[in-house]
């Protein structure tokens, strides 16, 4: 598994999502209340871009004529055929036993922590001003 710094956190504010290409893979990054989630930006059904889909909640019916809307902003709907996926887990709600979108570990880390590495080189003073989104692929 390799780590990739993809963008400052300001590029994906809370409630937003954005598509990135990392090692040739299209990955959709979602920010749910300042917690970042990543999933392959390709619907397993026929390859539609999940990042181009609508972010929505979960609509359930406990009885005929009764509807409960919950988990607002935690699901993404494929724009091609309407398949829905849980952004936190990639789990499909069309066929939850067999289908899921590949998910990736995503964290927000301070600029100071992402500049450290195993290499030693001549250094100069650097100031860190933002946090960055980091994806493990």
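If you check 49, 103, 113, which single one turns out to be out of contact with any helix residue (DSSP H, G or I) (no Cβ under 7 Å at 6 or more places or on another chain), under 27 Å from residue 2 (Cβ atoms), at pLDDT below 90 and surrounded by 10 or more Cβ atoms within 10 Å (Cβ to Cβ)?
Numbers: 49 fails: at pLDDT below 90; 103 fails: at pLDDT below 90.
So the residue among 49, 103, 113 that is out of contact with any helix residue (DSSP H, G or I) (no Cβ under 7 Å at 6 or more places or on another chain), under 27 Å from residue 2 (Cβ atoms), at pLDDT below 90 and surrounded by 10 or more Cβ atoms within 10 Å (Cβ to Cβ) is 113.
Just the residues that are without any contact (Cβ under 8 Å) to a residue 40 or more places away in the chain and either over 15 Å from the mean Cα position of the chain (by Cα) or part of a loop (DSSP other than H, G, I, E, B) (or both), please, taken from segment 85-103.
Keep residues of segment 85-103 that are without any contact (Cβ under 8 Å) to a residue 40 or more places away in the chain, which gives 86, 89, 91, 93, 95-98.
Those that are without any contact (Cβ under 8 Å) to a residue 40 or more places away in the chain and either over 15 Å from the mean Cα position of the chain (by Cα) or part of a loop (DSSP other than H, G, I, E, B) (or both): 89, 93, 95, 96, 97, 98.
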Problem set entry | Test: residue in segment 62-84 that is outside any strand (DSSP E or B), under 23 Å from residue 6 (Cα atoms) and modelled with pLDDT of 80 or more | no
Exercise. Being outside any strand (DSSP E or B), farther than 15 Å from residue 103 by Cβ, without any contact (Cβ under 8 Å) to a residue 60 or more places away in the chain and touching a strand residue (DSSP E or B) at 6+ places or on another chain (Cβ under 8 Å), is that true of even one residue in segment 22-31?
Worked result: no
Exercise. Of 87, 22, which residue is modelled with pLDDT of 95 or more and under 30 Å from residue 130 (Cβ atoms)?
Worked result: 87
For this session: Please enumerate the residues belonging to segment 7-21 that are in contact with a strand residue (DSSP E or B) (Cβ under 6 Å, 6 or more places away or on another chain), within 18 Å of residue 137 (Cβ to Cβ) and part of a strand (DSSP E or B).
Result: 7, 17, 18, 19, 20
For this session: Can you give me the number of residues within segment 41-61 that are under 17 Å from residue 15 (Cβ atoms) and not in a strand (DSSP E or B)?
Result: 4
Seminar exercise, completed: Checking 65, 73 in turn, the sole residue that is exposed (fewer than 12 other Cβ atoms within 10 Å of the Cβ) and free of Cβ contacts under 8 Å to residues at least 60 places away in the same chain turns out to be 65
Exercise. If you check every pair at least six apart or on different chains, which have Cβ atoms under 7 Å apart with a residue in segment 3-19 that is touching a residue at least 40 places away in the same chain (Cβ under 8 Å) first and a residue that is in a loop (DSSP other than H, G, I, E, B) second?
Worked result: 4/137; 8/130; 9/130; 10/130
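The values are calculated or read from the model by the stated rules, or taken from the named source; none is laboratory data. Owing to the predicted nature of the structure, the values given are computational and were not obtained by experimental measurement. Note that each Cβ is placed from the backbone with ideal geometry, even for glycine, and that neighbours are counted across all protein chains shown.
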